[in-house]
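Comments concern the structure below.
The values are calculated or read from the model by the stated rules, or taken from the named source; none is laboratory data. Just so we're clear, the structure is a prediction, and the values are computed from it rather than from any experiment. Note: ideal-geometry Cβ built from the backbone for every residue, glycine included; neighbour counts use all protein chains shown.
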Amino acid sequence: MNGLLHTARLPLHDGDLLAAVDLGSNSFHMVVARYVLGQLRVVDRLRDTVRLAEGLDERGGLDTAVRDRALECLSRFGERVRDIPPQRVRAIATNTVRRLAVPQAFLMPAESALGHAIEIVSGREEARLVYLGVAHAQPPKPGHLRLVMDIGGGSTECIVGAGFDAIERESLQVGCVGSTRRFFGDGKLSKKRWNEALAEVTLQFQQFASAYRALGWDEEIGTSGTIKAIGKICAEMKLTKGAVTAEALPLVRDRLLQASHIDDIDLAGLSGERRDVIAGGVLILEAAFAALGLKRLQVSKAAMREGVLHDMVGRGGEHDPREASVEALVLRYGIDRAQAARVEGTALHMFDQVAGSWALDADDRLMLMRAARLHELGLAIAHSQYHVHGSYVIEHSDIAGFSQQQQQFLAALVRTHRRNIPKSAFDALPDRLLNAARRSAALLRLAVLLHRAHEADPIPRLDAHADGRVLTLTLAKRWLEARPLLKADLAAEPAVFTGIAVDLRFTSE
């Protein structure tokens with residue numbers, strides 16, 4: 001599995017296959033599409049009701065039977081995408097995996113089963129991808145705002161967007177599987193229980209309802225299997241032609257509550273596999289209609305997986321959202337562009353010299369470049385421990401286009417670019433990324449040190465050579481002798497570099 005961070009720009013060509021895998025809390029989905037004349041043509045879809053959220057316990061553990069069910073599904077998916085290059089496959093894990101106490105305990109066997117890396121994305125990044133999928137499936141009218149809602153198994157995403165851009169993104173910790181388990185775990189249904197649960201879920205939406213309603217929107221679109229299923233029920237009950245309306249939804253709820261137990265729910269058009277979780281879905285949708293003042297929710301066929309495909313197309317061209325995200329951080333935190341450019345240039349110069357020996361690829365180069373641009377972010381907070389502040393901001397912010405692992409990778413590089421290197425600096429990263437992260441950190445750290453004086457003049461000589469753990473740096477002797485502070489700093493670095501498993505050596509000529 002190469003290129004696991006999926007950061008490199010790889011131009012797409014006619015005939016290329018792309019695949020998106022969505023490890024949802026209720027169902028796992030995969031869609032395979034061919035890139036033809038600038039468009040995506042779906043050639044295959046696979047879906048399996050895994051119910052991953054059912055296996056999540058209060059301590060963040062995952063039931064063994066559910067885990068095995070998930071791995072079996074991923075093995076089948078992996079067979080289908082075995083021959084697609086890793087840079088053309090993106091697998092996204094969402095709410096349930098985010099909530100695991102030790103995500104790597106699941107991700108390591110899951111990645112082996114699929115044969116590809118699996119990225120964990122934040123709720124707001126999930127929301128952005130949902131919106132992107134809907135926007136491409138149903139192109140918005142110029143100047144119109146739209147609200148898009150997705151009810152998953154473990155979370156619900158609400159987005160207000162214009163064109164192909166999400167303006168507001170929210171992710172709530174309520175989903176059809178989790179809510180059904182929480183409020184109707186014993187299977188019993190009643191009007192009293194329903195109203196108590198509705199009040200609690202409505203409070204979740206009210207956290208942002210005022211801001212959303214003030215912004216406004218021109219159309220309302222729902223996506224995901226839950227909303228599609230409720231739309232189908234509305235159609236089968238002759239209430240609408242497939243949309244979910246403010247008038248139809250209470251009738252669906254009343255019909256659902258005619259059953260005193262989940263096993264006895266009898267809704268026209270409801271599949272057997274959705275009966276166990278539909279109560280939570282209808283509950284969430286009713287709360288959303290009440291809090292947001294929804295009137296008529298159209299149903300879209302697209303969802304996050306289609307958004308992932310279109311995001312991959314953007315990454316292969318000039319519309320990589322991560323570039324805009326890094327630029328936004330540079331502006332927001334007033335980063336010194338000139339110094340960042342000096343550090344970036346030197347770090348990439350060394351990278352290009354050692355990439356072959358250290359098995360670093362274009363993905364790693366882009367991550368090093370972004371870390372160089374952001375390494376002084378923490379100065380906006382305080383000079384003391386600014387590398388710690390910057391690392392924290394990068395790891396814990398919602399940064400559009402980046403997975404959690406990618407943010408942790410960047411955060412580790414920023415954390416270790418100066419001062420001591422704690423043993424825990426790289427603990428959040430999966431084993432497959434450790435070598436690249438440590439070696440990239442070594443290059444960034446050296447580049448920062450070489451430019452500590454903020455000199456505008458270029459370094460006259462800088463040769464880097466890597467041989468296993470050993471990194472040898474050769475500098476111009478006269479240039480180095482004229483900088484006693486730098487010389488002293490460099491002399492102290494070999495002892496520090498043991499913390500990133502690199503043996504550092506210097507020569508001067």
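Are any residues in the stretch 76-134 among the hydroxyl-bearing types (Ser, Thr, Tyr) and buried (at least 24 other Cβ atoms within 10 Å of the Cβ), and if so, which ones? Thr94, Thr96, Tyr131 - these are the residues of the stretch 76-134 that are among the hydroxyl-bearing types (Ser, Thr, Tyr) and buried (at least 24 other Cβ atoms within 10 Å of the Cβ). For the stretch 198-228, the set of residues classified as touching a helix residue (DSSP H, G or I) at 6+ places or on another chain (Cβ under 9 Å), among the small types (Gly, Ala, Ser) and without any contact (Cβ under 8 Å) to a residue 12 or more places away in the chain consists of Ala199 only.
For every residue, the table says whether it meets (1) of a type in the set (A, V, I, L, M); (2) in a loop (DSSP other than H, G, I, E, B); (3) in contact (Cβ under 8 Å) with a residue 24 or more places away in the chain.
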residue: Ala347; (1), (2), (3): yes, no, yes
residue: Gly356; (1), (2), (3): no, no, no
residue: Gly378; (1), (2), (3): no, no, yes
residue: Ala425; (1), (2), (3): yes, yes, yes
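Each row is one residue, and each column tells you yes or no for (1) part of a helix (DSSP H, G or I); (2) of a type in the set (Gly, Ala, Ser).
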| residue | (1), (2) |
| --- | --- |
| Asp266 | no, no |
| Leu270 | no, no |
| Ala279 | yes, yes |
| Phe289 | yes, no |
| His310 | yes, no |
| Val313 | yes, no |
| Glu318 | no, no |
| Arg322 | yes, no |
| Leu329 | yes, no |
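Of the residues that make up the stretch 253-276, is at least one closer than 24 Å to Asp22 by Cα and in contact with a strand residue (DSSP E or B) (Cβ under 9 Å, 6 or more places away or on another chain)? Yes; the residues of the stretch 253-276 include at least one that is closer than 24 Å to Asp22 by Cα and in contact with a strand residue (DSSP E or B) (Cβ under 9 Å, 6 or more places away or on another chain). Looking only at the stretch 164-171, decide whether some residue is in a strand (DSSP E or B), modelled with pLDDT of 95 or more, on the phi < 0 side of the Ramachandran plot and small (Gly, Ala, Ser). Within the stretch 164-171, one or more residues are in a strand (DSSP E or B), modelled with pLDDT of 95 or more, on the phi < 0 side of the Ramachandran plot and small (Gly, Ala, Ser).
Given the condition modelled with pLDDT of 95 or more and among the charged types (D, E, K, R), answer yes or no: does some residue in the stretch 133-144 qualify? Looking through the stretch 133-144, none of the residues is modelled with pLDDT of 95 or more and among the charged types (D, E, K, R).
Taken over the stretch 449-479, the criterion of being assigned to a helix (DSSP H, G or I) and either closer than 17 Å to Val502 by Cα or among the hydroxyl-bearing types (Ser, Thr, Tyr) (or both) is satisfied by Leu449 alone. Screening Leu471, Leu475 for residues that are touching a helix residue (DSSP H, G or I) at 6+ places or on another chain (Cβ under 8 Å), surrounded by 14 or more Cβ atoms within 10 Å (Cβ to Cβ) and closer than 14 Å to Met350 by Cβ leaves exactly one candidate, Leu471. Among the conditions (1) of a type in the set (Lys, Arg); (2) more than 17 Å from Thr346 (Cα to Cα); (3) in the same structural domain as Asp352 (by TED's automatic domain parsing), Arg452 misses just one, which is (2). Kindly establish whether Gly222 is at pLDDT 95 or above, more than 25 Å from the chain's Cα centre (by Cα) and either assigned to a loop (DSSP other than H, G, I, E, B) or buried (at least 18 other Cβ atoms within 10 Å of the Cβ) (or both). Considered against the rule, which asks whether it is at pLDDT 95 or above, more than 25 Å from the chain's Cα centre (by Cα) and either assigned to a loop (DSSP other than H, G, I, E, B) or buried (at least 18 other Cβ atoms within 10 Å of the Cβ) (or both), Gly222 comes out as no.
For (1) among the hydrophobic types (A, V, I, L, M, F, W, C); (2) in contact (Cβ under 8 Å) with a residue 12 or more places away in the chain, each residue gets a yes or a no:
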{"site": "Trp194", "(1), (2)": "yes, yes"}
{"site": "Ile230", "(1), (2)": "yes, yes"}
{"site": "Ala243", "(1), (2)": "yes, yes"}
{"site": "His261", "(1), (2)": "no, yes"}
{"site": "Gly272", "(1), (2)": "no, no"}
{"site": "Ala291", "(1), (2)": "yes, yes"}
{"site": "Ala302", "(1), (2)": "yes, yes"}
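Which of the residues that make up the stretch 311-335 are closer than 11 Å to Leu377 by Cβ and among the charged types (D, E, K, R)? Residue satisfying the conditions is Arg332 alone.
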